[in-house]
1. Can you compute the modelled spin-label distance between Leu186 and Ser252, with each label point 7 Å from Cα toward Cβ, in nm?
2. On full extension of the chain, what length is gained from Glu262 through Val172, given 0.36 nm per residue of separation minus the C-alpha to C-alpha distance?
3. Please give the contour-minus-distance gain from Ser31 to Asn149: 0.36 nm per residue of separation, less the Cα-Cα distance, rounded to one decimal in nm.
4. Once you wrap a convex hull around the alpha carbon atoms of segment 168-273, what is its projected area averaged over all directions, in nm²?
5. Please compute the alpha carbon radius of gyration of segment 131-199, then divide it by the globular-protein estimate 2.2 N^0.38 Å. Two decimals is fine.
Amino acid sequence: MFEKIVSGAPVFLFVAVRCFATIMTLPLFSSRTIPRMAKVALAGYMAFFIFPQISVSEGIFSSYGKYISPDGNFTLEYVLLLLGEGLIGVILGFFVQIIFASFSTAGQFFAFQMGLSASEVYDSLSQVENPLMGQFFNFMAMLVFLHNNWFHKLLLEGMNESFKVINALSIVDNSLFLAEFMMKSLSLLFKDALIIALPIMASLFLVNVTVGILAKAAPQMNLLSEAFPILILTAYYLIFVLIPQFNEFFASCFSNGIKDLEVLFKGLKGGGL
């Protein structure tokens with residue numbers, strides 16, 4: 001096995017670079033709390049198991065000797081293809097980040113109505129300032145993601161399949177399809193976020209309208225000062241009641257995301273390594 005890796009070191013480096021770029025952009029793994037050395041070790045571990053399953057008889061590296069100079073150094077073509085492999089890994093990780101961004105965006109939609117928009121904290125998953133509710137949905141989605149073994153399917157099955165059908169040249173040849181696919185994914189982000197947040201947003205809107213009418217009818221009650229705890233309690237109660245439905249929707253989003261990833265592989269199909 002090690003002799004095969006040494007003899008095919010240029011191809012193994014391709015595999016390791018794509019795995020490392022994917023890990024660096026995936027949710028959870030991209031967090032700065034995870035040591036860089038652990039990410040490098042995981043990328044090497046993935047490349048070690050994926051490399052023997054790759055056939056280089058028909059891909060762009062079927063004659064990878066032409067990418068190596070006579071003195072053993074890498075040529076410019078090889079370096080550019082290596083950068084392309086890193087770009088493929090970033091695209092795969094960014095697509096998964098889009099799925100998780102919909103949950104965080106849903107929390108941001110109704111956090112303002114709850115009165116919690118000012119309590120933003122640093123989210124280690126998305127590495128941005130995120131309202132408490134957005135971070136709560138992120139953690140809930142991450143638990144669903146781990147519970148259903150989506151990480152296993154993505155890191156092993158998905159990465160293994162990507163090496164069979166995608167290479168750096170296929171990204172260039174199908175750049176228009178890639179741009180359209182990413183724009184469609186961004187539109188689905190806001191759609192999923194609205195589906196998650198709409199029940200809570202509508203309920204909080206009705207509470208605001210009711211409090212406004214009562215405050216106008218009986219100004220001496222000073223209901224506006226009591227509106228904030230009422231909104232917060234109502235939102236928490238709705239979230240507690242809707243947690244089973246949220247979990248089902250999160251699992252559905254991940255399942256559809258994996259299917260969309262298969263569509264991406266088919267659209268970018270241009271031969272593997």
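No value in this document is a laboratory result; all are computed from the given coordinates. From a predicted model like this one, the values you see are computed outputs, not experimental measurements. Methodologically, a virtual Cβ is constructed for each residue, glycine included, from the backbone with ideal geometry; neighbour enumeration extends over all protein chains shown.
1. 2.6 nm
2. Stretched fully, the Glu262-Val172 segment lengthens by 30.5 nm.
3. That pair, Ser31 and Asn149, stretches by 40.5 nm at full extension.
4. With every direction weighted equally, the projected area is 9.5 nm².
5. 1.46
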